[in-house]
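Values in this text are rule-based calculations from the coordinates and carry no lab data. Computed from a predicted model, the values in this text were never measured in an experiment. Every residue, glycine as well, gets a Cβ built from its backbone with ideal geometry; the counts of neighbours run over all protein chains shown.
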Amino acid sequence: TTPCDRPAPPTAGLSHGQYDKWEIDPSELVLLEELGAGQFGVVRRGKWRGRIDTAVKMMKEGTMSEDDFIDEAKVMTKLQHQNLVQLYGVCSKHRPIYIVTEYMRHGSLFNYLRRTSPDQLGPAVLLDMCIQVCKGMAYLERHNYIHRDLAARNCLVGDENVVKVADFGLARYVLDDQYTSSGGTKFPIKWAPPEVLNYTRFSSKSDVWAFGVLMWEVFTCGKVPYGRVKNSEVAEMVQRGMLLEKPKGCLNEIYNVMRLCWRRLPEERPSFRALKEELAVIANSVL
Ligand SMILES: CN1CCN(C(=O)c2ccc(Nc3nc(-c4cccc(NC(=O)c5ccc(C(C)(C)C)cc5)c4)cn4ccnc34)cc2)CC1
């Protein structure tokens, strides 16, 4: 039950007996146009209870460990922050299962950066986008929740350049070992620090490394890190201490923050909490 002093989470009121709070009744969901396809299959826009815009991931069979995910969904629905894409719930009484989240109208940050003209994305806007991602990640860090695949492709854009972090923690349930093992073709090598490349040791500090790469993606308006260099070569370069170059037109103060995120030792990287303060100082002073 929801204590009356706390605003009921969007998933509240679902307990009509046959449904748990994080379970969504598919009869209350109308599926609309396709938004794209990802690691798990098709994603469509949906209307929940006639009025709530949602994004519905329809999980292709065999792509994720469903029971483990459904267990975790309870925890994920409790993670609520203005810079996290809210998980409303799951439809798990049928196959494929649906993951239902809030809808973000402008799609992934990666595509938004590449398709929006540079004059609309001045340094102040770009820095604000990084600060929003940092706030969402600082919330996850406070809740000891590791993302494991933070990148511009896994952040989403709403109206007025609102940016939210999506799919936090979902990587743990992917069954495709091309994605899960660091030697696999789909493993996000270009966002991984040395301790993940060598020992797949994920932590909030490995998310911080990925955040540094996300900042580079933002300030290059959606360039691919290390260009067309193959994943195996990037792993080599990162091990040797080679770092991404300063994006054209990027302030030194901002590039220095990226460098802090790419410290070889995880304990030498700042927390998201510290990064949030650092970025706020830059936003207030130089921009
Ligand atoms: C003017 N433009 C026209 C084109 N356009 C769109 O078509 C467009 C508009 C809105 C979109 N919104 C969303 N799109 C998605 C979406 C769409 C396709 C694929 C995916 N992602 C996935 O399927 C996915 C992501 C990550 C992962 C792992 C576990 C590996 C981390 C696995 C699977 C998400 C999720 N959303 C959650 C909230 N809002 C959205 C997506 C696309 C953007 C606007």
For the chain, alpha-carbon Rg over 2.2 N^0.38 Å:
1.01
What lysines could a cross-link reach from Lys74, if we take a straight Cα to Cα line under 19 Å and drop same-chain neighbours fewer than 8 places away?
Lys21, Lys57, Lys93
Binned at 5 Å from 0, what are the whole-percent values of the Cα-Cα distance distribution for region 127-189, short to long?
4, 17, 24, 21, 15, 12, 6, 1
In degrees rounded to 10, the 0-90 angle between helix 123-142 Cα long axis and the longest Cα principal axis of the chain is 60 degrees
Where in region 53-88 does the amide nitrogen come within less than 16 Å of the point 7 Å from the Cα of Leu175, taken along Cα to Cβ?
58-71
Label region 201-249 by shape, choosing from rounded, prolate and oblate, from the square roots a ≥ b ≥ c of the eigenvalues of the Cα gyration tensor; if a/c is under 1.5 it is rounded, and otherwise prolate applies when a/b is larger than b/c, oblate when it is not.
oblate
Where in region 170-204 is the amide nitrogen less than 17 Å from a point lying 7 Å along the Cα-to-Cβ axis of Ser271?
203-204
Among the listed pairs Lys190/Lys246; Lys78/Lys190; Lys135/Lys205, those beyond 19 Å (Cα-Cα)
Lys78/Lys190
Could you compute how fast region 77-144 diffuses translationally, taking Rh as the Kirkwood radius over C-alpha pairs and applying Stokes-Einstein at 10 °C with viscosity 1.306 mPa s? Give it in µm² per second.
111 µm²/s
Tell me which GluC sites (Glu not before Pro) from region 181-264 have a DSSP coil assignment and no more than 13 other beta carbons within 10 Å of their own.
Glu245
